[in-house]
1. Applying the Karplus parametrisation 6.51 cos²θ - 1.76 cosθ + 1.60 with θ = phi - 60° to the phi angles of the range 43-57, what ³J(HN,Hα) value in whole Hz is obtained for each residue in order, glycine and proline being reported as x?
2. Could you check which residue among Thr27, Thr103, Thr82 shows the biggest mean-square fluctuation in a GNM of the chain with a 10 Å Cα cutoff?
3. Using only Cα atoms, tell me the angle between helix 131-145 and the longest principal axis of the chain; keep it within 0 to 90° and round to the nearest 10.
4. Calculated FRET efficiency, Lys142 and His106, Cβ-Cβ r, R0 22 Å, to nearest 0.05?
5. Using 0.36 nm times the number of residues separating Val121 and Leu11, minus their current alpha carbon distance, what extension gain do you get?
6. At 0.36 nm per residue, and after removing the present C-alpha to C-alpha distance, how many nm does the segment from Thr27 to Ser50 gain when stretched out fully?
7. Which one, Tyr25, Tyr38, Tyr63, has the greatest fluctuation when you compute a Gaussian network model over the chain with C-alpha springs under 10 angstrom?
8. Roughly how many nanometres apart are two label points built 7 Å out from the Cα toward the Cβ at Thr41 and Asn87?
Amino acid sequence: MNDQEKRSELLNYLHEMQNSHPQQYLTEEVLNSAAQKYGLTKAEIYGVASYYSMFSLKPRGKYIIRICQSPVCQMMGSQSLTEFLENKLRLVAGETTSDGIFTLEHTECLGRCGKAPSMMVNKDVFTELTQEKLESLIEKLKTEAK
Ligand code: FES
């Protein structure tokens, strides 16, 4: 296996492990097992995991909200929607609510610029966002989380 294949396999492995954890993050145990499995040091694994924004090294909520911060969404108001969510969820981007339901993150372009502003909640994409849409989505997800 060449270095590129090894890296690609490692990324797949980390993805799988993160997705299978209920709090959607990479635990110490996973970092250790990845180091062993791929013959790398833990520092090297840590370097990979912290380089990619899709990986998290701390526990996250049931719903990970990723608001697009790329230029088109920025122009269409993604910053004020982020602030709206920060106030509503009482956190700042990068944090998780104390009840463990929501994590708010930033993301790069989701490829839905034509319907900006856009965001993802876990694997679902939402477009043409407004405060009203966010408000009702958050309430719906809160109910579903119970
Ligand atoms: S800039 Fe936000 S989806 Fe493309």
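No lab work stands behind these numbers, since they all come straight from the coordinates. These numbers were taken from a predicted model, which means no experiment stands behind them. Virtual Cβ from ideal backbone geometry, glycine too; neighbours counted across all protein chains shown.
1. 5, 5, 5, 4, x, 5, 5, 8, 6, 8, 5, 6, 9, 10, 9
2. Thr27
3. Compared with the principal axis, the helix lies near 60 degrees.
4. Working: r = 22 Å, r/R0 = 0.99.
Once the sixth-power term is evaluated, E becomes 0.50.
5. Working: separation 110, 0.36 × 110 = 39.60 nm, distance 2.14 nm.
Difference between extended and current length: 37.5 nm.
6. 7.0 nm
7. With Cα springs under 10 Å in the chain, the top fluctuation among Tyr25, Tyr38, Tyr63 is at Tyr38.
8. 4.8 nm
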